[in-house]
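*Asks:* Sharing a structure, written as structure tokens. Questions coming.
The values are calculated or read from the model by the stated rules, or taken from the named source; none is laboratory data. What you see is a predicted model, and the numbers here were worked out from it, not measured in a lab. Reconstructed Cβ throughout: ideal geometry from the backbone, glycine too, with neighbour counts over all protein chains shown.
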Amino acid sequence: MATCDDLTAGILYDCDNPPTGGANDRLILFNYDDISGNVTVDPSNSLVFTDITLASGVTGYVFEGLNNSNEPRSALVKGRYVNGYDHEVIFKVFKNSPDAKAQLKKLDGAKVVALVQNNHKGEDGNAAFEIYGYETGLRLQEMERVIADAENQGAYTVTIRNDEVSRPSSLPQTLWDTDFATTKAIVDSLIV
């Protein structure tokens, strides 16, 4: 008797595309309501989005770090009745201007979705872009700035994560259509 959780394929090591850790320094955040429901899902794999279409006048917002300062993470959380996942992105903000502080203050009350570009691109770019928090959104959980921190010279360390009572039901979704160049063009169109 088959269930929705039966395995349907194995996973082999890809010698042509070995893993590469880390993420691109460009993190893109969307307001949750601006992206929710505005995706095209691959009919053969619900974890793959082939397009994102935002309403006119709506955009994603770039938070740019440096030297692999974006640290996305996903983890299985075993539950008594239902398992879920934690989606989390830790990133650095290397600006302390009044405008930067105003956006960080807004992030304190916002519900967002994060688009991350992995350093590992996979075959034809099929592993390059992931979306954290699409199902439930991410909220600011921690923010700290230590002015005397010699490692980051007083940057803000920001953690956004799903709430414990509303965990996503899956790993982060992948954004991918055809190849890396096509997918990157989709991503770039979201921040114009």
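*Asks:* All but one of (1) assigned to a loop (DSSP other than H, G, I, E, B); (2) in contact with a Gly (Cβ under 7 Å, 6 or more places away or on another chain); (3) under 21 Å from F30 (Cβ atoms) hold for A114; state the number of the condition that does not hold.
*Replies:* The single condition A114 does not satisfy is (1).
So that you can scan it fast, the table gives a plain yes or no per residue for (1) free of Cβ contacts under 8 Å to residues at least 12 places away in the same chain; (2) part of a helix (DSSP H, G or I); (3) touching a strand residue (DSSP E or B) at 6+ places or on another chain (Cβ under 6 Å); (4) of a type in the set (S, T, Y):
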position	(1), (2), (3), (4)
A150	yes, no, no, no
T157	no, no, yes, yes
I160	no, no, yes, no
R167	no, no, yes, no
L171	no, no, yes, no
D177	no, no, yes, no
A181	no, yes, no, no
K184	no, yes, no, no
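*Asks:* Report, by residue number, each residue of the range 46-82 that is surrounded by 11 or more Cβ atoms within 10 Å (Cβ to Cβ) and either hydroxyl-bearing (S, T, Y) or farther than 29 Å from G125 by Cα (or both).
*Replies:* The answer is T50, T53, T59, Y61, S69, S74.
*Asks:* Find all pairs meeting these conditions: Cβ atoms under 9 angstrom apart; at least six residues apart or on different chains; first residue within the range 91-108 and touching a residue at least 60 places away in the same chain (Cβ under 8 Å) and surrounded by fewer than 13 Cβ atoms within 10 Å (Cβ to Cβ); second residue among the aromatic types (F, W, Y) and assigned to a helix (DSSP H, G or I).
*Replies:* none
*Asks:* Another question about this same structure. Which is at positive phi, at pLDDT 95 or above and either out of contact with any His (no Cβ under 8 Å at 6 or more places or on another chain) or not polar (S, T, N, Q) (or both), of G137, G57?
*Replies:* On inspection, the qualifying residue turns out to be G137.
*Asks:* I131: closer than 17 Å to V62 by Cα, among the aliphatic types (A, V, I, L, M) and either without any contact (Cβ under 8 Å) to a residue 40 or more places away in the chain or touching a Leu at 6+ places or on another chain (Cβ under 9 Å) (or both), yes or no?
*Replies:* yes
*Asks:* Can you name every residue in the range 24-78 that is in a loop (DSSP other than H, G, I, E, B), in contact with a strand residue (DSSP E or B) (Cβ under 8 Å, 6 or more places away or on another chain), without any contact (Cβ under 8 Å) to a residue 40 or more places away in the chain and of a type in the set (S, T, Y)?
*Replies:* The one that is in a loop (DSSP other than H, G, I, E, B), in contact with a strand residue (DSSP E or B) (Cβ under 8 Å, 6 or more places away or on another chain), without any contact (Cβ under 8 Å) to a residue 40 or more places away in the chain and of a type in the set (S, T, Y): T53.
*Asks:* I'd like to check something: does the range 138-151 contain any residue that is more than 26 Å from A75 (Cα to Cα) and among the acidic types (D, E)?
*Replies:* Scanning the range 138-151, I find at least one residue that is more than 26 Å from A75 (Cα to Cα) and among the acidic types (D, E), so the answer is yes.
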